[in-house]
Amino acid sequence: MDIPTTPAPGGPPAAPPTPAAPQPGPVRPKDDGRRAEFGKARGSRHLGDRVFLGLSRGSGILLLVVMAAIAVFLAYRSSLILTKNHGNFFTTFEWNPTAMPPVFGIAVLAFGTVVSSVIAMALAVPVSVGIALFLTHYAPRAARGPISYVIDLLAAVPSIVYGLWGALVLVPHLNGLYGWLDQYLGWTGIFSWQGGAPRSLLTVGILLAIMILPIVTNVSREVFRQVPQAHEEAALALGATRWEVVRTAVLPFGRSGVISASMLGLGRALGETMAVATVLSPGFTIQSSLLDPGGGTFAQNIASKFSEASVEGRDALIASGLVLFVITLLVNGAARAIIARRKEYSGADA
């Protein structure tokens, strides 16, 4: 704001105040019809976003509802028979839900499921990690495609095909391995063999290892691809060999990813049904040797007895299925938690 000045006595007249310059206002675009079209396009885009958000949110809620419905069904049917069970459900070595009173337990099933899954993990994880490292750091470019294709193809083979191959090809060719284990490690008792068809938990573990190998390999391969290239180049600049680069830069970065991949494979091994039922000679006993026929798993027991079971027998099988359901959820949840800890898997090279 200009303050008028008073002229000094006898001096020249004061100059009139200079008017303030007008402030520029907002520039309004010419309305030539394009604003209406832009508004319509913007409104339609927002409508599409809202529809997509609603569909995706509804899909997530539907998944939770389905999982909750399965859990409620299993828990309800299990409660009908567990209240009548005269044995300890977790420690009883007997399965006779049609007796009066019913006596059944999952001790043998839990032992067989855990042992076969541990054998599968011990055999599959080192081989899978080795294949993943070979594909990402050692294999020629021309060989990566065919090998990756074969691994993906193994993941797509149905489990019943694995079971038929295991029964007709794998089992007859394991006699030599069983004899060698009995000859050199039979003194431990764990690998003693009394002869007969090798339809034991060790055979199941070998077959499960072949089945979960593509899962662990594919996930581990993708994790190793996300290793920042700057880490590998820094190790090479310091004079490290290729193996030292893998040991100091690749494996530490991908440790959590390999663990999560292994746990995803473990979830597959725990719930495998038809392949196990095809190669295992079931028996509701716990054998001291991994080479002796006998034992069972949750999924195999359900598949083999469900069709001929009575109402009480089906409820007992559902109760064992509830235990397997909880174990699988815990394993997969732990795998997701491990993956969530390593946010750098996405955009690691950025």
field: Odd one out for residue 173 among (1) within 16 Å of residue 212 (Cα to Cα); (2) surrounded by fewer than 19 Cβ atoms within 10 Å (Cβ to Cβ); (3) not basic (Lys, Arg)
entry: (1)
task: Scan segment 262-280 and give yes if some residue there is crowded, with 21+ Cβ neighbours inside 10 Å and not in a helix (DSSP H, G or I), otherwise no.
output: yes
field: One residue from 318, 327, 338, 302 being more than 20 Å from residue 107 (Cα to Cα) and touching a helix residue (DSSP H, G or I) at 6+ places or on another chain (Cβ under 7 Å)
entry: 338
query: Can you tell me which residues in segment 295-347 are among the charged types (D, E, K, R) and either in a helix (DSSP H, G or I) or modelled with pLDDT of 90 or more (or both)?
result: 305, 312, 314, 315, 336, 343, 344
Scan of segment 156-193 for residues that are within 28 Å of residue 218 (Cα to Cα) and outside any helix (DSSP H, G or I), ordered by number: 157, 158
message: If I go through segment 201-252 residue by residue, how many of them are more than 25 Å from residue 150 (Cα to Cα) and surrounded by 19 or more Cβ atoms within 10 Å (Cβ to Cβ)?
response: 6
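The values are calculated or read from the model by the stated rules, or taken from the named source; none is laboratory data. Note that the structure is a prediction, hence the values are computed from the model and not measured. So basically every Cβ, Gly included, is an ideal-geometry build from the backbone, and we count neighbours across all protein chains shown.
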